[in-house]
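First the structure, in the form of structure tokens, and then the observations on it.
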Amino acid sequence: MYTSSLHSRHCHIQRGAPFWRPLGIRQKHTRWCKMQRFDTVRVFAGEVLLEVKDLEAKVAETGQMILRGVNLTVREGETHAIMGTNGSGKSTLSKCLVGHPDYEVTSGTVTYKGQNLLDLEPEERARAGLFMSFQSPVEVPGVSNSDFLRLAANARRKQLGQEELGPLEFYGYVMPKLAALKMNPDFLNRDVNANFSGGEKKRNEILQLSVLEADIAVLDEIDSGLDIDALRDVADAVNSLKRPNSATLMVTHYKRLLNYVVPEAVHIMEAGKIIYSGGIEVADILEQDGYEGIKSRMREEASKQPVSA
Ligand SMILES: Nc1ncnc2c1ncn2[C@@H]1O[C@H](COP(=O)(O)OP(=O)(O)OP(=O)(O)O)[C@@H](O)[C@H]1O
């Protein structure tokens with residue numbers, strides 16, 4: 001267990017708890033925690049990895065506005081889940097983060113490890129440790145998975161100042177990763193995603209994440225189309241790839257993924273904005289009462305807010 005998760009337990013504040021308990025693990029974090037009034041969102045010590053502020057974006061071709069002011073802060077060691085109705089903009093947000101050319105950011109900022117992410121080309125973002133798994137990964141006939149993965153891994157290693165891997169060295173590097181993901185080594189010889197089943201494509205996405213050793217993994221519906229065993233394998237793999245200084249941002253419709261990859265924060269998107277955030281209980285409300293349950297919780301909380309003079 002790493003420090004941040006240990007600390008998160010100490011920092012898990014229940015509504016009505018009389019006082020903060022001094023924690024003494026990391027003074028800086030303690031001070032930061034004391035400034036916050038969190039309910040059940042767990043708080044971590046890590047530095048801010050990704051900060052999205054007032055992000056607005058449109059479809060480049062049609063000009064249709066999709067994101068209408070997204071705010072999100074992700075710290076090292078955290079896992080966040082983004083949920084929301086179909087068409088609310090979850091995938092668009094993910095794709096804007098990786099610089100997908102279909103979208104144009106019209107205002108707002110995205111800071112990643114202190115630098116302006118929006119200034120970077122998509123491949124620079126990937127080399128800097130930002131990874132996105134797509135809902136429908138593309139097939140690349142004629143390019144073997146091993147060549148593709150080795151090229152991607154070497155680009156990232158170069159960025160990190162590490163030695164590039166030759167074909168044999170790469171084999172030694174990737175085999176334990178395949179084993180950890182319970183993937184057949186045949187995956188390496190097949191063309192990228194070509195004729196892969198839906199579940200195989202999802203596993204292949206996670207293999208890419210594992211090979212790239214990304215610092216922030218944006219996983220768009222990584223659970224869709226998986227049977228229960230595959231869901232567990234993929235979730236185990238995602239958990240095993242977490243590091244104290246990395247973070248995971250998962251888009252999902254279903255609580256079942258969050259039973260395995262437990263997030264510190266769950267955000268609800270609607271009409272291009274995050275309208276509500278909380279802890280895992282948000283996913284529970286959604287599962288039990290749907291989006292009306294979230295709205296009713298929002299109304300309840302609003303009614304408890306003191307009316308300003
Ligand atoms: N490239 C595009 N061209 C045209 N419209 C788009 C494009 N990308 C997204 N949209 C539109 O933007 C809206 C948001 O789409 P997005 O895929 O981000 O939603 P989502 O929340 O991920 O939905 P789902 O849960 O169904 O995957 C939708 O109305 C969609 O039709």
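Read the figures in this text as sums done on the coordinates, not as results from a lab. Quick caveat: nothing in here was measured; it's all calculated off a predicted structure. As a convention, Cβ positions derive from the backbone with ideal geometry for all residues, glycine included, and neighbour counts pool all protein chains shown.
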Once a ≥ b ≥ c are taken as the square roots of the eigenvalues of the Cα gyration tensor of the range 250-309, is the result rounded (a/c under 1.5), prolate (a/b larger than b/c) or oblate (a/b not larger than b/c)? prolate
Each label point is 7 Å from the Cα along the Cα-to-Cβ direction; what then is the distance between the points at S107 and N71, in nm? 1.5 nm
So how do 108-121, 66-79, 270-283 stack up, highest first, on mean other-Cβ count within 10 Å? 66-79, 270-283, 108-121
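What shape does the range 46-304 take by its C-alpha gyration tensor, where a ≥ b ≥ c are the square roots of the eigenvalues and a/c under 1.5 counts as rounded, a/b above b/c as prolate, and the rest as oblate?
In terms of gyration-tensor shape, prolate.
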Using alpha carbon centers only, the range 44-114 is separated from the range 186-217 by a whole-angstrom value of 24 Å
